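Readers should treat all values here as calculations from the given coordinates under stated rules, not as data from a laboratory. Computed from a predicted structure; not experimentally measured. Reconstructed Cβ throughout: ideal geometry from the backbone, glycine too, with neighbour counts over all protein chains shown.
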Amino acid sequence: MKLRSAIFLASAAIALAALTLTGAPLLAADDKIDPVADAKAFQKFFRDKFPKVKFEDFVNGPYSMNEDLYRQWQDKEQFPPYEFSLEMGKEMFSKPFKNGKTYADCFPNGGIGIRQNYPYFDEKEGKVITLELALNRCREANGEPPFSYVKDEMAALTAYMAFTSRGKPMDIKIPNDPRALAAYENGKEYFYTRRGQLNFSCATCHVQSPGERIRAEILAPALGIVNAMPIYRSEWSGMGTTSRRFTTCNSQIRAVPLGPQDDEYRNVEYYLSYVSNGLPISGPGARP
Amino acid sequence: MTDHFPTKSAKLPALALLVALASPGAAQAQSAVDEGRKLAFDRSKGNCLTCHVIKGGNLPGTIGPELVDIKSKYPKREDLVAILNDETLRNPLTVMPPFGRNRILTEKEIDAVVDFLQTL
C-alpha cells in the first residue's frame, strides 16, 4: 500500500509538472523546459520502481518485468519471429533504386549503426525527423513511391537499421533552438494528456502501471520502449513500427488516432526517445 | 379477532398471490446480476476483468484491487454507482475509465454491474 501511494504521488508530481508547464506553453520556453532534469527524473522513477531490473534491461519491455516471461523470451530469441523481416530489410537496403542510388546514399555512415540518433530535430525545417520519415523521403527523392508507415517494408527497413545499431546507447540531441524545445514539450504534453473514451494517457499504462497485467498481457515500461522498435507482435501476427504502436494504442483507448508521422506523433517519439537516452538500441524486438 | 386470522382456505390464495408477486421480482434481480456479470467480463463493455480479479473470471488483470466483499466495503449503492460513473472525481489519477461520464455504459448497464458487484 505504501509503495502504491508512493507511485501515485510520483505520477501526480509528473502529471502536475506536465500541467503546470502546458498551462503556459508560450512563456519563455528555456526558463521552464528542462529536458536534462526530465530525463534524469524519468529514469530515476523507473529505477526506483523496479530496483531489481538492470538498467539496460528496460529495453526488453514486458520481459524485463517478469522472470518467467524473461526466460521464455530468451528461448524465443533463438529463433526470433522478426528474422524474416530483418532478412527482407537487409536485402531491400542493399538493392539499388531505379536511378542506381541506394538508401545508404541518404544517410550518414551509409545508414549503418545510426538508429540511436533518430528522431532528430532538423533546424532548417524546424521539425522532428524520425527514421521512418527519413526513409520515405529518401525513396521519394529518388523517384520511388513511399511505403506505408506502419508495417511490412517500412518495418523491415527499420528492423535492419536497428539491428546494425544494437547495443548503441540512444543518443537524442535537443539543439539550442526554441522550436526544438517546443517540439519536445509538445511531445511530453501529448504523452501525459488523457484522451479517448477510456480516458487514458500514454502514461496511464506505461508510467503508472508497467509490470501490471491487463488480462494476460504485461504492460511495458515507457522507459526504453522505443529502443526495441520495430517489433514483431504475436497479437498483430506481424511486424509493426513506432507509428503502428502509436496509432493502435490510440484506437485501443477509443481515441481517434492521428495520421502516422503527424507532427504530434513525431514530437511524442522525440520526447520518449530523449528520456530513454543512454539505454541501448535493442530492436527489432519481439512482443506477445 | 377471528377475522384477523384468515381461514386456511383464505390463506392459500393469499400465499399464492405473494409467491406470484415475489418470483418475477427475484427473477428480475437474478437476470440483472447475470447481465451485470456479462457486462463486467465483456471486453467491449465494462471489461472490469481486464484490471480486477473477479470470482469466476479467467485471466484477470492486476491494476485494480480484487473485487471482493463489495457490500461490506461499499454498503451504499450510490457510492458504487459514483465510482462507475466517474472515479476521477474521487481520485484524479485513477486508471479507471469514467464509464458513465464517457458513455461507455448506460445508466441501466451501470445499475446491472452494481447489482453484480454487490453479490461479490
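A few comments on the model shown:
- Each label point was placed 7 Å from the Cα along the Cα-to-Cβ direction; for residue A:124 and residue B:78 their separation is 6.6 nm.
- Prolate/oblate/rounded label for the protein assembly as shown (Cα gyration tensor, a/c 1.5): prolate
- Estimated D of the stretch A:211-288 in µm² per second, where Rh is the Kirkwood radius over Cα pairs and Stokes-Einstein applies at 10 °C, 1.306 mPa s: 120 µm²/s
- Sorting A:42, A:246 by the number of Cβ atoms found within 10 Å of their own Cβ, with the fewest placed first, yields A:42, A:246.
- Here the stretch A:121-277 is treated as a Stokes sphere of Kirkwood radius computed over C-alpha pairs; at 20 °C and 1.002 mPa s its diffusion coefficient rounds to 131 µm²/s.
- Of all DSSP beta bridges confined to the protein assembly as shown, the antiparallel ones make up roughly 70%.
- Computed label-point distance, nm, for sites residue A:32 and residue B:90 using a 7 Å Cα→Cβ extension: 3.3 nm
- All lysines inside 16 Å of residue A:127 as judged from Cα atoms, apart from same-chain residues fewer than 8 positions distant: A:173, A:188
- Two-site label geometry, residue A:254 and residue B:119: point separation in nm, points 7 Å out along Cα→Cβ: 2.4 nm
- Point-charge dipole on Cβ atoms (K/R +1, D/E -1) for the stretch B:36-82, about Cα centre, debye to 20: 180 debye
- Amide N of the stretch A:110-128 lying under 11 Å from the label point, which is placed 7 angstrom from the Cα of residue A:137 along Cα→Cβ: A:120-128
- Within the protein assembly as shown, the cysteines lacking any other cysteine Cβ closer than 4.7 Å to their own Cβ are A:202, A:205, A:249, B:48, B:51.
- Placing unit charges on each Cβ (+1 for Lys and Arg, -1 for Asp and Glu) gives the protein assembly as shown a dipole about its Cα centre, and among A:242, A:219, B:54 the Cα reaching farthest toward its positive end belongs to B:54.
- Size of electric dipole in the protein assembly as shown: Cβ of Lys, Arg +1 and of Asp, Glu -1, about Cα centre, debye, nearest 20: 680 debye
- Candidates A:103, A:121, A:154 compared by Cα position along the dipole of the stretch A:34-287: farthest toward the positive end lies A:154, with charges placed on Cβ.
- Shielding by partners for peptide B:52-59, expressed as the average number of C-beta atoms from other protein chains within 10 Å of each residue's C-beta, is 1.
- Axial C-alpha extent at least 27 Å, average Kyte-Doolittle at least 0.5 - helices from chain A (DSSP): A:2-23
- Percent of beta bridges antiparallel (DSSP, the stretch A:186-288, rounded to nearest 5): 65 percent
- Note on A:209-219: average number of Cβ atoms from other chains within 10 Å of each residue's Cβ is 5.
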